[in-house]
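Please read the structure below before turning to the comments.
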Amino acid sequence: MSAGDPTALSTPWVRPSAVFLPRLDPLVIPIGALLGGLLAFSFFLVVLGKAPVDFFSLVYKAGFGTAFSWQNTLSRVAPLLLTALCVALPARLGLVVIGGEGAVVLGGLAAAVAGFALSGAPGAIGIPLMMLAAMLVGGLWIGAVGALRFKRGVNETISSLLMAYVAIALLNHLVESTFRDPASLNKPSTAPLDEALRVGSLFGMDVHWGFAAGIIACIVAWVLIERTTWGFAARIAGGNMRAAQIQGLPVGRLIIGFTAAGGACAGLAGFFEVAAVHGSANGSLISGYGYTGILIAFLARHNPLAIIPVAILLSGFEASSGLIQRRMDLPDATILVLEGFVFVAILVSETLYGRFRIFQPRAEAV
């Protein structure tokens with residue numbers, strides 16, 4: 001374009017901030033929602049006659065204050081990472097799957113049953129087969145939610161939640177009858193795993209290998225979503241599923257595949273709970289990790305890499321529940337109340353995207 005070209009003066013020039021600032025929305029708004037939830041919870045503590053400063057100082061001390069606290073926190077992260085992926089992967093298609101708890105308990109049960117069948121097998125063979133069994137059962141369970149959504153139009157949020165209750169009922173029934181170890185008197189459980197089939201600690205720390213597996217799963221999920229044609233197709237279908245069908249994208253396979261992949265991650269969480277924590281399948285598998293994973297996925301905006309720091313933060317909150325109960329004379333469920341405040345703040349923050357001009361600078365003509 002020449003200097004004397006009269007159209008040069010009317011050519012729009014977009015400031016660099018017009019490109020950079022809109023990208024702050026997914027970072028600033030979730031952080032603001034988190035702080036807003038913490039502030040609202042602080043008022044709740046004041047009503048109870050408790051000092052918010054004391055509460056949050058205990059949370060920091062128990063969750064992140066010492067090396068022991070960090071190990072206690074990281075030992076709880078693995079199921080949170082994997083159950084958050086159970087929400088985040090289908091969310092790329094616009095699906096809200098909140099029944100990951102069902103895949104966790106059935107995946108753990110499948111791992112325990114497979115471990116019993118593999119008694120005497122070396123760990124190099126038995127552990128991968130147990131993982132495969134857990135992921136297969138978890139993937140089939142949540143994949144069925146995707147199939148119901150695509151084939152029959154059944155709302156995935158309702159069906160996944162109802163199937164979680166069914167899964168919990170199945171666990172209780174099978175553990176107390178078919179797969180019960182006769183030696184488990186007070187707490188019905190499956191037979192304990194052989195020592196060779198137990199998952200050990202990570203580099204001598206009090207953190208099992210599930211933490212590393214969860215990190216790897218988040219990285220793989222990010223690559224799947226952001227760097228593959230399947231991920232690109234999922235994002236297109238999530239934006240407008242009807243348009244994706246018209247363009248010939250395999251929407252059905254995407255829905256079932258991504259829901260099954262999320263279920264496999266949750267099933268893997270159940271495997272680690274059995275093989276690294278409990279040593280058998282019992283009622284302790286019903287721990288609520290699947291529901292905390294919902295909060296983590298929403299706070300991370302369904303970004304698999306962002307799930308990692310958010311899961312560590314929420315794990316630190318949960319690790320502090322015992323200390324808070326002892327020191328502040330508050331119920332153990334106080335942390336659940338805190339998570340509830342944060343979740344409501346996140347839901348409210350969804351209405352804020354694209355509303356602030358500071359994050360959406362206009363192109364200027366120069």
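Taking R0 as 35 Å, what FRET efficiency do you get between residue 125 and residue 169 from their Cβ-Cβ distance, rounded to the nearest 0.05?
Computed FRET efficiency for residue 125 and residue 169 comes out at 0.60.
Amide H to amide H under 5 Å from residue 94: which residues, 5+ apart in sequence or cross-chain, H placed 1.01 Å off N in plane?
Those lying under 5 Å, H to H, from residue 94: there are none.
Using only Cα atoms, find the angle between the long axis of helix 251-272 and the longest principal axis of the chain, and express it within 0 to 90 degrees, rounded to the nearest 10.
The helix 251-272 is inclined about 40 degrees to the chain.
Under 18 Å from the Cα of residue 50, which aspartates and glutamates turn up, not counting those fewer than eight places away in the same chain?
Hits, sequence-local ones excluded: 329, 332, 339.
Once the piece of chain linking residue 60 and residue 216 is laid out straight, how much longer is it, given 0.36 nm per residue of separation minus the C-alpha distance between them?
53.5 nm
Note the full-extension length gain between residue 178 and residue 46 as 0.36 nm times their separation in residues minus their Cα-Cα distance, in nm to one decimal.
42.5 nm
If exposed trypsin sites (Lys or Arg not before Pro) are those in a DSSP loop with at most 10 other Cβ within 10 Å, what is the longest stretch of the chain that has none?
It runs 1-354.
What are the ³J(HN,Hα) couplings of segment 187-200, residue after residue, when phi is run through the Karplus curve with 6.51, -1.76, 1.60 and θ = phi - 60°? Round to Hz, x for glycine and proline.
Calculated HN-Hα couplings, in order: 10, x, 8, 6, 4, x, 6, 4, 4, 5, 9, 8, 8, x Hz.
For segment 50-79 and segment 271-286, what is the centre-to-centre distance using only Cα atoms, to the nearest Å?
23
Okay, helix-only estimate at 222 nm for the chain: each DSSP H run of n ≥ 4 adds -39500 (n - 2.57), divide by all residues, round to 500 deg cm²/dmol; what do you get?
One gets -21500 deg cm²/dmol as the mean residue ellipticity at 222 nm.
Hey, what did the chain get for relative contact order, percent, Cα under 8 Å, at least 6 apart?
37
Could you work out which residue, out of 81, 24, 95, moves most in a Gaussian network model of the chain, that is, has the largest mean-square fluctuation with Cα springs under 10 Å?
Result for the chain, Cα springs under 10 Å: 24 fluctuates most.
Please state the relative contact order of segment 218-310 as a whole percent: Cα pairs under 8 Å, 6+ residues apart?
29
Stretch residue 333-residue 205 to full length: gain in nm at 0.36 nm per residue minus the Cα-Cα span?
43.3 nm
5 Å is the cut-off here: which amide hydrogens, built 1.01 Å from N in the peptide plane, fall below it relative to residue 189, excluding neighbours closer than 5 in sequence?
Result for residue 189 returns 181, 184.
None of the figures in this text is laboratory data; all of them are computed from the coordinates on show. In this text the structure is predicted, and so the values were computed from the model without any measurement. Because the Cβ atoms are built from the backbone with ideal geometry, glycine has one as well, and the counts that use them run over all protein chains shown.
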